[in-house]
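The values are calculated or read from the model by the stated rules, or taken from the named source; none is laboratory data. Everything numeric in this text was worked out from a predicted model, so none of it was measured. So basically every Cβ, Gly included, is an ideal-geometry build from the backbone, and we count neighbours across all protein chains shown.
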Amino acid sequence: MPSRAIELGSGDGQTKDGRRRAFIGVDDILAEVTDRPMPTLWIPSHNRRSSLAHLASVIGIRLGSLVALLRRNNHKSQVCRVYRSYMARDQFTPTFGVSPPLLVGRDDLIAEFTASLADDRGSSTRATIYTGSRGIGKTVMLNEVERVARAHGWLVISETAYAGFVDRLTNITLPGLLTSHGYSNTTASTQSFGDQLKLVSDHLRSLHSGLLITLDELNVAQFDELREFGAALYQAFSDNGAVAFVGAGLPRSVNLILADPALSSLQLADLHVLSPINLNDAKHALRVPIEGSDREIEPLALDDAVQATGGYPFRIQLLGHLISHEHPDERVITRDDVASGVLEVRERIGSWQLESELTELPENDRALLVAMATDHGPSKTSAIASRLTIGQSSVDKWLAHLIEGGVIHQTRHGEVDFVQPLLRECLRVHPVSPSLEPNAS
């Protein structure tokens, strides 16, 4: 995340529309405390106090402290201190769906999408679906393709596949988009989603632009709406429309959607199963934000942290956030800081992410996973059948279901393992139905 200069001082200015703007000055002081170019952080407001309150929240100090700082005549050293405090803030984003300060390991996918926008004749990669487990970065990928599309002059509609999403697109979003671009459509209230999409596509093509629609949380509960959406999308592609689509969802939902014969239009989309990023990229994703906060991490501590994340993007952000707060006043992050952070990551991942995944699984699937969790590495399918005292054919059927859902993967013939290693630890303490408890082997 690039650093931003915070101007302290007093003065008045005007916005482009003529409104008064409250701000605080002294850019030259900040130039003395950093050698990096930094755009000014302006705080537009009609009320000076609200401007200061916003600035205080950005810096991370109380409003009263900021006001007292500004009242001092010789405030150069205070500005330096506040600036360092701001720079030392945690730059990680341990929130699902929020883009990290540094996106790594997805360059090929971004390049593929970028190339599709540049193809005036349209491209098969203008329809893409990302899938993978929770925390693997699906929504972040949607954020990134939206950023790329806007940078190429395309308009973007960001939707979530909750009930009524087609109605929202048809009656609110697409008509509003046309109106905002000076296009009058008096029959919008009687037109279908497909009609509206064609109007928008044709209008944007005349402007040498296009429309990207992203759809998060693809799920089987909205089959009917997805069929209508997919049919309109297919027609737009057939007409060589200036349209692109990128969706995202969990593996089980995506697989069921793509298996539906009535959703053949979505089956044409490029399907990308997101995997953990390689550990070199994970190291970069941890180290750069830490150094960007004017701190360091011991080399061995960094190695420990990288191994603990397993290359999972959300874990990188969560662990980076936690270790940054272990001893925030210390410049160097140590192995002890990382060890403490790793313990908390395991606890939080278990409660936030993995347990919610387990509750969505049938009891038979959970029992099979518990049987796998007794192993410290890949499990033999024959051993699982023995522990559960059921036939091998039943175990193979359950395993296929879990593999399809992205919960486990086949390591070799007759062996399976967890996609997320932390799931093994979570399962060792997660309760299951007594009737499904596996027998000890």
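Working carefully through the options Ala149, Ala111, find the one that is assigned to a helix (DSSP H, G or I), modelled with pLDDT under 95 and more than 20 Å from Gly241 (Cβ to Cβ).
Being assigned to a helix (DSSP H, G or I), modelled with pLDDT under 95 and more than 20 Å from Gly241 (Cβ to Cβ) holds for just one of Ala149, Ala111, which is Ala111.
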Go through (1) touching a residue at least 40 places away in the same chain (Cβ under 8 Å); (2) of a type in the set (S, T, N, Q); (3) over 16 Å from Arg428 (Cα atoms); (4) assigned by TED's automatic domain parsing to the domain that holds Glu425 and name the single condition Ser382 misses.
(1)
Only one of Ala308, Ala301 that is under 21 Å from the mean Cα position of the chain (by Cα) and free of Cβ contacts under 8 Å to residues at least 40 places away in the same chain:
Ala308
Go through the residues of the stretch 361-374 one by one and say whether even a single one is more than 27 Å from the chain's Cα centre (by Cα), touching a residue at least 60 places away in the same chain (Cβ under 8 Å) and surrounded by fewer than 15 Cβ atoms within 10 Å (Cβ to Cβ).
yes
Which residues, taken from the stretch 178-211, are modelled with pLDDT of 85 or more and more than 18 Å from Leu117 (Cβ to Cβ)?
Ser192, Phe193, Gly194, Asp195, Gln196, Lys198, Leu199
For the stretch 121-146, name all the residues that are touching a Gly at 6+ places or on another chain (Cβ under 9 Å), part of a loop (DSSP other than H, G, I, E, B) and either under 18 Å from Ser201 (Cα atoms) or outside the structural domain of Val220 (by TED's automatic domain parsing) (or both).
Gly122
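Being assigned by TED's automatic domain parsing to the domain that holds Glu404, touching a Gly at 6+ places or on another chain (Cβ under 6 Å) and over 30 Å from His284 (Cα atoms) is the requirement here; does Thr374 meet it? So that I can check it myself, show each step before the final result.
Values: assigned by TED's automatic domain parsing to the domain that holds Glu404: yes; touching a Gly at 6+ places or on another chain (Cβ under 6 Å): no; over 30 Å from His284 (Cα atoms): yes.
Here the answer is no, as Thr374 does not meet what is asked.
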